[in-house]
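A.B. asks: Here it is, the structure in full.
Each value in this text was obtained by applying a stated rule to the coordinates, not by laboratory testing. Bear in mind that the values here come from a model prediction, so they are computed numbers and not experimental data. Quick reminder, even Gly has a Cβ in these numbers, built from the backbone with ideal geometry, and neighbours come from all protein chains shown.
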Amino acid sequence: MDFSKYSILVVDDQTGVRRLLQETFREEGYNVDTAKEGAEALVKIKESPPSLVLLDMKMPGMNGLETLHQIIKDNPAQAVIMMTAYEELEVVQEARKLGVKDYITKPFDLNYLKELIKSILCKTPKG
Ligand SMILES: [Mg+2]
């Protein structure tokens, strides 16, 4: 499959996580950009809305849920997958209410994440 028409924005405060996900999904053929915090992510999403946002929950400053609120407010159709450090049920429920496509818990299985992203993007009408 040709994934080059899809773009993914990885939002995580941890450099290692950003690098891992960027390398993994670039190898798959996606266009990948990163942001290390919520405010930076919002600027990038506004400039160029990605096909999918991978959004960390626990970040200093604007946390994942606050960032998500703003993303959805600006564009209710934006595809987002939340990344949580462990099962944070209340946060996950809140994120679900806001229309988050899915969530994964860290440490995550990269193959599972690849399949999840593929299934979400192939269901999304707009590339
Ligand atoms: Mg974090």
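A.B. asks: Of all residues in segment 97-121, which are under 16 Å from Ala77 (Cβ atoms) and either among the β-branched types (Val, Ile, Thr) or free of Cβ contacts under 8 Å to residues at least 12 places away in the same chain (or both)?
C.D. replies: Lys97, Val100, Ile120
A.B. asks: Just to verify a result, which residue in segment 78-94, among those that are aliphatic (A, V, I, L, M) and free of Cβ contacts under 8 Å to residues at least 24 places away in the same chain, is farthest from the ligand (Cβ to nearest atom)?
C.D. replies: Leu89
A.B. asks: Going by the conditions given, is Lys36 within 15 Å of the ligand (Cβ to nearest atom) and charged (D, E, K, R)?
C.D. replies: Yes, satisfied.
A.B. asks: Take the residues in segment 1-21 that are crowded, with 17+ Cβ neighbours inside 10 Å and over 20 Å from Ile72 (Cα atoms); name whichever of them is nearest to the ligand (Cβ to nearest atom).
C.D. replies: Residues of segment 1-21 that are crowded, with 17+ Cβ neighbours inside 10 Å, as a first pass: 3, 6-13, 17-18, 21.
Subsequent filtering for residues that are over 20 Å from Ile72 (Cα atoms) retains 3, 13, 17-18, 21.
Numbers: Phe3: 26, Asp13: 4, Val17: 7, Arg18: 10, Leu21: 12 Å.
Looking at residues that are crowded, with 17+ Cβ neighbours inside 10 Å and over 20 Å from Ile72 (Cα atoms), I get Asp13.
A.B. asks: Hey, can you tell me all the residues within segment 14-40 that are within 13 Å of the chain's Cα centre (by Cα) and outside any strand (DSSP E or B)?
C.D. replies: Of everything in segment 14-40, those that are within 13 Å of the chain's Cα centre (by Cα) and outside any strand (DSSP E or B) turn out to be Val17, Arg18, Leu21, Gln22, Phe25, Lys36, Glu37, Gly38.
A.B. asks: Looking at (1) within 16 Å of Leu121 (Cβ to Cβ); (2) away from the ligand (no atom under 16 Å from the Cβ); (3) in contact with a strand residue (DSSP E or B) (Cβ under 7 Å, 6 or more places away or on another chain), which is the one condition that is false for Ile104?
C.D. replies: Result: Ile104 passes all but (2).
A.B. asks: Quick check on segment 54-70. Is at least one of its residues within 23 Å of Asn111 (Cβ to Cβ) and either hydroxyl-bearing (Ser, Thr, Tyr) or away from the ligand (no atom under 14 Å from the Cβ) (or both)?
C.D. replies: Checking segment 54-70: not a single residue is within 23 Å of Asn111 (Cβ to Cβ) and either hydroxyl-bearing (Ser, Thr, Tyr) or away from the ligand (no atom under 14 Å from the Cβ) (or both).
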